Amino acid sequence: MQVYLNDAESPLKGNRYFYDHYFRINKNDAQNNLYLHHQLNYEHKFFNYKQSTIATTIISDEGNRVVNRFGDSYVLSNINDENRYNRLYNKIGALYENKLLGEFQFFLEDFRFNYFYNRVIVQNDQLIPSNLSDEIQSVGGQYTYQKNKWNGKFSYSTSITDQSLSNLDAKLLFKYNDKNSFDFRFQNLNRLPNHTFSLFQSSYVNYNWVNTFKNEKINNIEVKAKTQWLDSAIQLTTLNDFLYFGQVTSSEDQLLVSPKQYDNTINYLSIKAGKDIKFWKLGFDNTVLYQKVDQEDDILNVPELTLRSTLYFSGHFFKKALFLQTGVTVNYFSKYFANDYNPVIADFYVQNTQEIGDFPMIDFFVNAKIKTARIYLKAEHFNAAMTGFNYYSAPNNPYRDFIVRFGLEWNFFL
């Protein structure tokens, strides 16, 4: 496996501040209550891509060759690209609560962001600006109902500024008893493109762009059933104007990608089922996930089958002074063309040349609790040497080898 970057770093640093509070207008809690609500969320992110040496020497049977993994660069060495992002979100609203009818909330949202670099680039008579910034105001409402076995939440918001944004989210839960419940959800989302698709700057010539893409449109339906016999879920998602990164070169040594928007519709289906079977002190917990994508081109790639099984033993010993649980977990997913990672853009891109998967990952674990102390021991992927070292989490990123983890938690009480 070729290693193209020996001296590159791509740290992401961030701070986030969140504040959420309600103020009840009436002095005492009553059948009818009126609240004022305010929510604030401020976030700052800093991304930095550093690479000292541009060229990479590849050693092969045909002889050594020098390649530039990401194409031509404006600098000869010491790439140091910086990108910053600030966002401020405020939400104010009024909420009316009736203990019989539920909660009615109306709100106003203010969202501001600044995504910026410290330079302007002129390339092929095109100006790559230094920043993207905008202010978006939205209005919306939410209804929440909770009575007996029913629990529901229905919300809708839409922009009142120039941007065409909307979000409809409806959830309904029916809890028949502690062992049986049914959950329904519908979501219709019209959202802005991720900023990296719209604007990106780099010291690499081919990694500079500015675009005006259409909003992504998402329809999502989910149904979940938790019963005493089986836990199951089905999800159907329709994607329009889907945004992704695609390769623009077919060279094995050179990796160039660009943002693209898919003109056709993508339909995604997932069916999930699981059950924890217990007998005496033994347990057998299984989860099966089946996924299918209907699309004209291979844009959204997922493994068709994913399995997770755990066989474990648990019980109390020494007059219940010790609780012990030990077992084996097996994880598996079928082969598929997984998205690969590009460190320059710090994102994944679609590729259809290398498949990963079709190998088991087996873990052995021991959990113990002795009075107020908890101990765990886990041997992760202990079958690594048995699969031929052909296991990946992404096409060019190997999955971790066999590793042993140990932990201790001890609570002291006076």
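The values are calculated or read from the model by the stated rules, or taken from the named source; none is laboratory data. Keep in mind it's a predicted model, so treat the numbers as computed, not measured. Here Cβ is always computed from backbone atoms with ideal geometry, including for glycine, and neighbour counts include all displayed protein chains. Please note that ligands, DNA and RNA were not included when accessible areas were found on the heavy atoms of the full protein model with its side chains. Shrake-Rupley method; radii C 1.70, N 1.55, O 1.52, S 1.80 Å.
Worth pointing out:
- For the stretch 378-394, 3J(HN,Hα) computed residue by residue from phi via the Karplus equation (6.51, -1.76, 1.60; θ = phi - 60°) reads 9, 9, 8, 6, 6, 8, 4, 6, 7, 9, x, 6, 10, 10, 9, 8, 8 Hz, glycine and proline entered as x.
- Within straight-line cross-link reach of Lys226, aspartates and glutamates at Cα separation under 18 Å, skipping those fewer than 8 residues along the same chain: Asp178, Asp183, Asp276, Asp285
- Shown in residue order for the stretch 41-55 are the 3J(HN,Hα) couplings computed by the Karplus curve 6.51 cos²θ - 1.76 cosθ + 1.60 at θ = phi - 60°: 9, 10, 9, 10, 10, 9, 10, 9, 10, 10, 8, 6, 10, 7, 7 Hz (x for Gly and Pro).
- Taking Cα centre as origin and charging only the Cβ of basic (Lys, Arg, +1) and acidic (Asp, Glu, -1) residues, the dipole magnitude of the stretch 66-113 rounds to 60 debye.
- Surface accessible to a 1.4 Å probe, Phe389 within the full protein complex, Å²: 130
- Between amide H atoms placed 1.01 Å from N, distances below 5 Å from Ala338 occur with Ile356, all of them 5 or more places distant or on a separate chain.
- Taking 20 Å as the cut-off, the amide N atoms of the stretch 344-363 that come nearer than this to a point 7 Å along the Cα-to-beta-carbon line of Gln325 belong to 362-363.
- The slack between Glu82 and Asn397, meaning 0.36 nm per residue of separation minus the straight C-alpha distance, is 111.0 nm.
- Solvent-accessible area per residue in the stretch 269-393 equals 58 Å², computed with a 1.4 angstrom probe and all protein chains kept.
- When the C-alpha to C-alpha distance is required to be over 26 Å, the pairs from Lys179/Lys335; Lys224/Lys320; Lys224/Lys292; Lys91/Lys153; Lys224/Lys278 that qualify are Lys179/Lys335; Lys224/Lys320.
- Portion, in percent, of the accessible area of the stretch 237-300 that falls on carbon or sulfur, probe 1.4 Å: 52
- The packing ranking, built from the mean of other Cβ atoms within 10 Å per residue, places the peptides 355-363, 124-132, 390-398 in the order 355-363, 390-398, 124-132, highest first.
- Accessible area of His38 in the full protein assembly, 1.4 Å probe (Å², nearest 10): 50
- Stretching Gln39 away from Ile92 to a fully extended chain increases their span by 18.4 nm, per 0.36 nm per residue minus the current alpha-carbon distance.
- For the stretch 377-414 and the stretch 195-222, distance of Cα centres in Å: 35
- Taking N as its residue count, the alpha carbon Rg of the chain over 2.2 N^0.38 Å: 1.21
- The stretch 1-80 and the stretch 260-291 have Cα centres spaced 30 Å apart.
- Whole-percent carbon and sulfur share, accessible surface of the stretch 322-392, 1.4 Å: 60
- Vicinal HN-Hα couplings computed from phi for the stretch 97-113 (Karplus, 6.51 cos²θ - 1.76 cosθ + 1.60; Hz; Gly/Pro x): 10, 10, 4, 9, 8, x, 10, 10, 10, 10, 8, 10, 10, 10, 10, 10, 9
- The accessible-area ordering, largest first, of the residues Lys91, Lys378, Lys371 stands as Lys371, Lys378, Lys91, per a 1.4 angstrom probe.
- Counted charge near Ser164, where neighbours are those whose Cβ lies closer than 11 Å (Asp, Glu -1; Lys, Arg +1): +2
- Placing +1 on the Cβ of every Lys and Arg and -1 on the Cβ of every Asp and Glu, with no other charges, gives the chain a dipole of roughly 2540 debye about its Cα centre.
- Charge dipole (the stretch 207-330, unit charges on Cβ, about Cα centre) - positive-most of Val302, Gln325, Gln254: Gln325
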